[in-house]
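A.B. asks: Structure in structure tokens, see below.
Where a number appears in this text, it was derived from the coordinates with a stated rule and is not lab data. Predicted model, so just to flag it, every value in this text is computed and none were measured. Here the Cβ is made from the backbone with ideal geometry for all residues, glycine too, and neighbour counts use every protein chain on show.
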Amino acid sequence: ARGWNYLIDIWGADHHGQVKSLQAGLEALGQPADQPEVLLGQLVKLVRGGEPVRLSKRAGDVITLADILDEVDADVARLTFLLQGIDSPQTFDLDVVTAQSAENPVYYVQYAHARIASIGRRAESEGIKRIPFLDVNLSPLSDAHELDLLRSLAELPAVLSEAAQLRAPHRVTTWVRDLAARFHAFYRACRVITDDVALTQARLALAEATRIGLKNGLDILGVKAPDAMHRSEREDEDDL
């Protein structure tokens, strides 16, 4: 009904023995054995207060995704689960994913986007007229942090292609985290709005390109890219 022509099914690793049975059944029905494509996901360990949360299906002690979403935002859950490939065991630390610090990968990435949006608002408030992207002279960008950002942005098309071909969305997550880290490092080392008009325009363009890259990556992952966020009072600026 939705026009899709390719099926991917995700099973728990404990059901790996049923894959061949499914394929044999499909072949017996005259259907392609590789449709649907079955991906096997490893188990997730839930941690709270530094201790693993004990679960037992037999005893009925089970925590569902709906239970987790009662405690954390859907964006947090989605991006955290996409930090690794599903074929790797994962640890979901409730204390980390609810912290407003660099330890929280979701907060870390979203704050980078919000920080860049804030820079744009500041430039506008100071009456700085932005030059169109294609007209910006990027030659003033020579600092190592600036070049790191440019290299990272250039990698996105290849990252997306590999992620799709290898069924590995965590490659996009890794790229987004790395881009956010490089931007935070750039922000600490390089003042964006300066007395040098050409340098300011180049750095504003670089920051905006980074914001667009972050937003595109987060959109693909189904995670919001906020334009404003509040930092915790105890958060150290150097942590970001």
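A.B. asks: For a quick check: sort His230, His184, His170 by the number of other beta carbons within 10 angstrom, fewest at the front.
C.D. replies: Placing the least packed residue first, the sequence is His230, His170, His184.
A.B. asks: Next up: Using a basic spin-label model with each label point 7 Å from the Cα along Cα→Cβ, how many nm lie between Val47 and Arg167?
C.D. replies: Label at Val47, label at Arg167, 2.8 nm between them.
A.B. asks: Quick one, what does Rg over Rh come out to for the range 105-239 if you take C-alpha atoms and the Kirkwood Rh?
C.D. replies: Details: Rg = 15.0 Å, Rh = 15.5 Å.
Rg/Rh for the range 105-239 comes to 0.97.
A.B. asks: Another question about this same structure. Divide, for the range 134-208, the radius of gyration over alpha carbons by 2.2 N^0.38 Å, where N is the residue count. Don't skip to the end; give the middle numbers.
C.D. replies: Details: Rg = 14.2 Å, N = 75, 2.2 N^0.38 = 11.3 Å.
Rounded to two decimals, the normalised Rg is 1.25.
A.B. asks: Okay, moving on. Quick check on the chain: of the DSSP beta bridges with both residues there, what percent are antiparallel, nearest 5%?
C.D. replies: 25
A.B. asks: Now for a separate question. Just round it to a whole percent: the fraction of Cα-Cα distances in the range 1-41 exceeding 15 Å.
C.D. replies: Values: 362 of 820 pairs.
That tail contains 44 percent of the Cα-Cα pairs.
A.B. asks: DSSP loop GluC sites (Glu not before Pro) in the range 141-240 with at most 16 other Cβ atoms within 10 Å of their Cβ, which ones?
C.D. replies: Passing both the DSSP loop test and the Cβ count: Glu155, Glu233, Glu235.
A.B. asks: Would you grab the residues whose amide H sits under 5 Å from the one on Val47? Only those 5+ places off in sequence or on another chain, please, with H modelled 1.01 Å from N.
C.D. replies: Result for Val47 returns Val53, Phe92, Asp93, Leu94.
A.B. asks: Dividing the alpha-carbon Rg of the range 82-139 by 2.2 N^0.38 Å yields what?
C.D. replies: This ratio for the range 82-139 stands at 1.76.
A.B. asks: Mind listing which GluC sites (Glu not before Pro) in the range 59-131 are in a DSSP loop and have 15 or fewer other Cβ atoms within 10 Å?
C.D. replies: Glu71, Glu103, Glu126
A.B. asks: Using Cβ contacts closer than 10 Å as the measure, can you line up Lys224, Lys20 from fewest to most?
C.D. replies: Ordered by Cβ neighbours within 10 Å, fewest first: Lys20, Lys224.
A.B. asks: Report, as a whole number in µm² per second, the diffusion coefficient that Stokes-Einstein gives for the range 13-91 at 20 °C and 1.002 mPa s using the Kirkwood radius over alpha carbon pairs. Provide the component values of the computation, followed by the final result.
C.D. replies: Details: Rh = 15.2 Å.
Reported coefficient: 141 µm²/s.
A.B. asks: Still on this structure: Thinking of the chain as a set of Cα atoms, what percent of all their pairs are more than 23 Å apart? Show your work: numbers first, answer last.
C.D. replies: Working: 17068 of 28680 pairs.
Cα-Cα pairs in the chain separated by more than 23 Å: 60 percent.
A.B. asks: Taking the Cα centre of each part, how many Å lie between the range 95-150 and the range 1-33?
C.D. replies: Cα centres, the range 95-150 to the range 1-33: 44 Å.
A.B. asks: How far apart, in nm, are two points set 7 Å out from the Cα along the Cα-to-Cβ line at Ile10 and at Asp196?
C.D. replies: Once both label points are built, they end up 4.6 nm from each other.
A.B. asks: Still on this structure, I have one more. Calculate how large, on average over all directions, the projected area of the Cα convex hull of the range 49-123 is; give the answer in nm² to one decimal.
C.D. replies: Working: hull surface 26.1 nm².
Averaging across all directions leaves 6.5 nm² for the Cα convex hull.
A.B. asks: How would Phe81, Phe133 line up from fewest to most surrounding beta-carbon atoms within 10 angstrom? Don't jump to the answer; show the numbers that get you there.
C.D. replies: Values: Phe81 18, Phe133 11.
The most exposed by this proxy come first: Phe133, Phe81.
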